[in-house]
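The structure under discussion appears below in the form of structure tokens.
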Amino acid sequence: MEKADIKSWNQKELGEFLISLGEKPFRAKQIYPWLHVKHAETFEEMTDISKKLKEKLINTCKLTVLRQEDVQCSKIDGTRKYLFALPDGNMVESVWMHYRHGNSVCISSQAGCRMGCRFCASTLDGLVRNLTPAEMLDQVYRIQEDTGERVSHVVVMGTGEPLDNYENLLKFIRLISDENGMNISQRNLTVSTCGIVPAMYRLAEEKLQITLALSLHASSQEKRMELMPVAKKYDIQQVVEACKDYFAKTGRRITFEYSLVRGVNDRDGDAWQLGELIRGMNCHVNLIPVNPIKERNYLQPDSQVILNFKNKLEKNGINVTIRREMGRDIDGACGQLRKKFSERQGKA
């Protein structure tokens, strides 16, 4: 029989499981902080529960703990890029970034990705599997333990499409924001999607206070299909309408992620079309100079082109920032470190 994934449960679920083991439900209040506050790596560390209960947990539960396989530290800005081994040997990436407002961690939601976005290294080898809530949580926990610094913001924008792993994502959000755990405000959580429209409408109904970020990357349906295969299923107007619905249901401002690719989506006409597409929305556009990967020939526009694009959007009354590039000297883009590791293993 497969062992229970104890770290993926909330305190109520943990209590119900302990009752099934013949234990008192209050034991959950003892065990839960070991999992989600103290980040115990073994059941033996739990010093305030009996030896008998520890043995029950060892025999019936697995304690998901990721192994740090590699870490790269940027000499430019201190950004740390982690490669973690999952219990089954699959690899995922996470990034720790320090900002004035606090420490932010970008986590992966899947091992690999099946969305096929042309400029992303995460999707080159396809989807292996979804991550469990515990595997998503432990990326944050391991990084906080490694740095010794409190994580205040979490972005689900690493490898994988979060809304393609909907149920586990939802559990992760509720666990990471649980007042009995890390208690990170939902307003400090961001989930990025390439635009799975039914899941976007479903997420709006959850009435969470997280930020939804749409990977838009184009101002027309034609160009979006060129860059993002998901656009063949859900067109650009559909995803924008789903964003409007999310704001209407939650009151949370939408973020549009727009990777600028030289000669593809960085022209004056693209800026004008983008302004027309999202005019009047309560939104923010995050311009991202594309991070080149060797498997694709996409290049960054010149800095003046990027600035001109930003200025044209601002003249249309749209709130815009150019993303500060973090960890550029350490394979900072999604999927690069994992891909490099797998290539090394293949040659070994």
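Quick note: the coordinates plus some simple rules give every number you see, no bench work behind them. Keep in mind that what you see is a predicted model, and the values were worked out from it rather than measured. Please note: Cβ atoms are built from the backbone with ideal geometry, for glycine as well, and neighbour counts cover all protein chains shown.
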*asked:* For Cα pairs less than 8 Å apart in space and 6+ apart in sequence, what is the mean separation divided by the residue count of the stretch 173-322, i.e. the relative contact order in percent?
replied: 20 percent
*Options Ile6, His39, Leu21, ranked by Cα towards positive dipole end of the stretch 4-69, top entry (Cβ charges)*: Leu21
_Cα gyration tensor shape of the stretch 4-62, rounded if a/c is under 1.5, else prolate or oblate by comparing a/b with b/c_ = rounded
_Long-range HN-HN contacts of Gly112 with modeled amide H, under 5 Å_ = Val128
*Kirkwood Rh, the stretch 1-100, all Cα pairs: how many Å?*
15.5 Å
*What is the mean projected area of the alpha carbon convex hull for the stretch 176-226, to one decimal in square nanometres?*
4.4 nm²
_the stretch 1-156: relative contact order in percent, alpha carbon pairs under 8 Å with at least 6 residues between_ = 18 percent
*Summed residue charge, Cβ within 10 Å of Pro25's Cβ, Lys/Arg positive, Asp/Glu negative*: +2
*Setting aside same-chain residues fewer than 8 positions from Lys310, which aspartates and glutamates have a Cα under 14 Å from its Cα?*
Glu257, Asp266, Asp268, Asp270, Asp302
*In which sequence would Ser303, Ser152, Ser108 go, from the one with the fewest C-beta neighbours within 10 Å to the one with the most?*
Ser303, Ser152, Ser108
*In what sequence do Phe119, Phe309, Phe172, Phe26 fall when counting other Cβ within 10 Å, fewest first?*
Phe26, Phe119, Phe309, Phe172
*If you count the DSSP beta bridges with both ends in the chain, what percent of them are antiparallel, to the nearest 5?*
40 percent
*Given charges at Cβ of Lys, Arg, Asp, Glu: the stretch 67-347 dipole, positive-most of Tyr82, Gln68, Pro301*: Pro301
*Counting other C-beta atoms within 10 Å, which of Trp9, Trp96, Trp272, Trp34 has the fewest, and how do the rest follow?*
Trp272, Trp34, Trp9, Trp96
*Please give the FRET efficiency for Tyr99 paired with Ser303, using the beta carbon to beta carbon distance and R0 = 25 Å, rounded to the nearest 0.05.*
0.70
*Which links in Lys56/Lys207; Lys171/Lys244; Lys7/Lys249; Lys3/Lys207; Lys223/Lys312; Lys81/Lys233 stretch past 26 Å when you go from one Cα to the other?*
Lys56/Lys207; Lys7/Lys249; Lys3/Lys207; Lys81/Lys233
_Counting only helical runs of four or more DSSP H residues, what would the 222 nm mean residue ellipticity of the chain come to if each run contributes -39,500 (n - 2.57) and the total is spread over all its residues?_
-11000 deg cm²/dmol
*Dipole of the stretch 67-347 (Lys/Arg Cβ +1, Asp/Glu Cβ -1, origin at the Cα centre): which of Thr159, Gln237, Gly269 lies farthest to the positive side?*
Gly269
*Can you list the aspartates and glutamates whose alpha carbon sits under 16 Å from that of Lys75, skipping same-chain ones fewer than 8 residues off?*
Glu325, Asp329, Asp331
*Given [x] 38, 22, 18; [y] 36, 29, 17; [z] 50, 34, 23, which label gives semi-axes √(5λ) of the Cα gyration tensor in Å as computed from the coordinates?*
[x]
*asked:* Treating only the Cβ of Lys, Arg, Asp and Glu as charged (+1, +1, -1, -1), what charge dipole size does the chain show about its Cα centre? Round to the nearest 20 debye.
replied: 240 debye
